[in-house]
Amino acid sequence: MKVNAIVVGDCIEELKKIPADSVDLIFADPPYNMQLKNALYRPNNTMVDGVRDAWDKFPSFSQYDSFCAAWLAECRRALKDTGSIWVIGSYHNIFRVGRIMLDLGFWILNDVTWHKTNPMPNFLGARFTNATETLLWCSKGELCKKYTFNHKIMKRYNGDKQMTSVWQIGLCTGGERLKGKDGKKAHSAQKPEELLKRVILSSSNEGDVVLDPFFGTGTTGAVAKKLRRNFIGIEKEAEYAELAKKRIEAASFFFPEADWKEEAKLVKVTFETLLRERLIEVGEPLHSKKSLNAVALVLPDGKIEYKDRIGSIHGIGALVQKTHACNGWKFWHVMRGGKPVLIDELRKGYGEAAI
């Protein structure tokens, strides 16, 4: 399927056309099946413009469950083993969706709470003000552990603090909210760009393909473009799709975070690995610090010998320094080109090459 394009059609039928194992990230904002029976009015007797659209109505819970199982199964088929999926919902549907996802084999990584900083009040005063929605972030399965998570980017984005699973973001309002010809909001459930920015920035990389099977007015596509990702949008309503197309075409700048790169994670390298790869030879001398005042010999089993004492690079390093502990990687040197080189530098070089 062509990327950076919006397909107008039924999400299940269009999802079937996407090749298996081809998508890096999925964001899904499905119908919530909110079961609204009557109109809701404010205390001043004006009607609340809530979600009363036909696309959100299902005859029964069982039919809603069947619909969710069908589109989620197709999403899982299309998702790469290294990919992940985010599904957002409210108390009306997210618990049903979560059970279905687990039954299909998805593995929940986090449940993220979107705490709305400007929620709609409960006008009847019969319940607490509903100020949250839930996002389920899942890998394709329990054994699919190589999913993308840009931990350090999100820490930087959060003021150098590890980001939590509670996101305080306002509802989509002001100039960001798309309006129809009548001046009213074009879509009853448009999500704020900040929400999608966190989803896409945390779970994908530049050039990745982000799929949204309920594209609406194109928030996913607009944010993906501004972060230098590709997108595939599926939307049943042609009116929404046209608004999304114009919105994305008008997006003429990149977010600064589009240039941020996640630092590569080093693979675990042991001293025995360096021996096996012959980056250090058996019998080679290790020198302490740059003064070369203590010399230990490398043994075939990965231990080292110093004055008839045998142990690890850490244990013998502590012995030389007469301390309780020592980081041998930062203590021992080998000679390369007539100059002492920390064995930690050999480890880092090998680890980076192995990524």
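In the condition set (1) surrounded by 13 or more Cβ atoms within 10 Å (Cβ to Cβ); (2) of a type outside the set (A, V, I, L, M, F, W, C); (3) not in a loop (DSSP other than H, G, I, E, B), Gln168 is compliant with all but (1).
Of the residues in region 200-235, how many are polar (S, T, N, Q), farther than 24 Å from Asp56 by Cα, touching a strand residue (DSSP E or B) at 6+ places or on another chain (Cβ under 8 Å) and not in a strand (DSSP E or B)?
In the first step, residues of region 200-235 are kept if they are polar (S, T, N, Q); the result is 202-205, 217, 219-220, 230.
Among the residues that remain, those that are also farther than 24 Å from Asp56 by Cα are: 202-205, 230.
Right, trim to touching a strand residue (DSSP E or B) at 6+ places or on another chain (Cβ under 8 Å) and you get 203-205, 230.
After this cut, where a residue has to be not in a strand (DSSP E or B) as well, the list is 203-205.
So the answer is 3.
Taken together, the residues in region 228-264 that are among the charged types (D, E, K, R), open to solvent by 30 Å² or more (accessible area, probe 1.4 Å) and either under 16 Å from Ser202 (Cα atoms) or in contact with a Leu (Cβ under 8 Å, 6 or more places away or on another chain) (or both) amount to 6.
In summary, Leu79 fulfils each of the numbered conditions (1) over 24 Å from Ile169 (Cβ atoms); (2) touching a strand residue (DSSP E or B) at 6+ places or on another chain (Cβ under 6 Å); (3) loosely packed, with under 13 Cβ neighbours inside 10 Å with the single exception of condition (3).
Across region 296-338, the qualifying residues are those that are among the β-branched types (Val, Ile, Thr) and farther than 18 Å from Glu277 by Cα, and the one among them that is surrounded by the most Cβ atoms within 10 Å (Cβ to Cβ) is Ile316.
What are the pairs, 6+ residues apart or on separate chains, where a residue within region 148-167 that is more than 16 Å from Asp111 (Cβ to Cβ) and modelled with pLDDT of 95 or more has its Cβ under 9 Å from a residue that is small (Gly, Ala, Ser) and part of a loop (DSSP other than H, G, I, E, B)? As it stands, the answer is Thr148/Ser204; Asn150/Ser204, since those pairs meet every condition given. Note on region 128-158: residues that are within 18 Å of the chain's Cα centre (by Cα) and open to solvent by less than 90 Å² (accessible area, probe 1.4 Å) total 20.
Close Cβ contacts (under 7 Å, 6 or more residues apart or on different chains) running from residues in region 180-199 that are within 19 Å of Glu235 (Cβ to Cβ) and in a loop (DSSP other than H, G, I, E, B) to residues that are open to solvent by less than 30 Å² (accessible area, probe 1.4 Å) and among the aromatic types (Phe, Trp, Tyr) comprise His187/Tyr240.
For region 174-202, a residue qualifies if it is over 20 Å from Ile248 (Cβ atoms) and at pLDDT 85 or above, and exactly one does: Ser202.
The criterion of at least 1 residues that are free of Cβ contacts under 8 Å to residues at least 60 places away in the same chain and hydroxyl-bearing (Ser, Thr, Tyr) is met, among strands (runs of 3 or more DSSP E) falling completely within region 243-355, by 285-288, 304-306. Residues in region 86-99 that are over 26 Å from Thr173 (Cα atoms) and surrounded by 17 or more Cβ atoms within 10 Å (Cβ to Cβ): Val97, Gly98. On the basis of being surrounded by fewer than 19 Cβ atoms within 10 Å (Cβ to Cβ) and either assigned to a loop (DSSP other than H, G, I, E, B) or modelled with pLDDT of 95 or more (or both), does Pro19 make the cut? Yes: the conditions hold for Pro19.
Number of residues in region 91-125 that are closer than 22 Å to Ala78 by Cβ and either of a type in the set (Asp, Glu) or modelled with pLDDT under 95 (or both): the value is 1.
Criterion applied to Ile310, Ile304 was being under 19 Å from Arg347 (Cβ atoms), β-branched (Val, Ile, Thr) and modelled with pLDDT of 95 or more, and the one residue passing it is Ile304.
The values are calculated or read from the model by the stated rules, or taken from the named source; none is laboratory data. Not measured: the values here are computed from a predicted model. Positions of Cβ are generated from backbone atoms using ideal geometry, with glycine treated the same way; all protein chains shown enter the neighbour counts. To get the accessible areas, we keep the full protein, side chains included, count just its heavy atoms, and leave off ligands, DNA and RNA. Shrake-Rupley method; radii C 1.70, N 1.55, O 1.52, S 1.80 Å.
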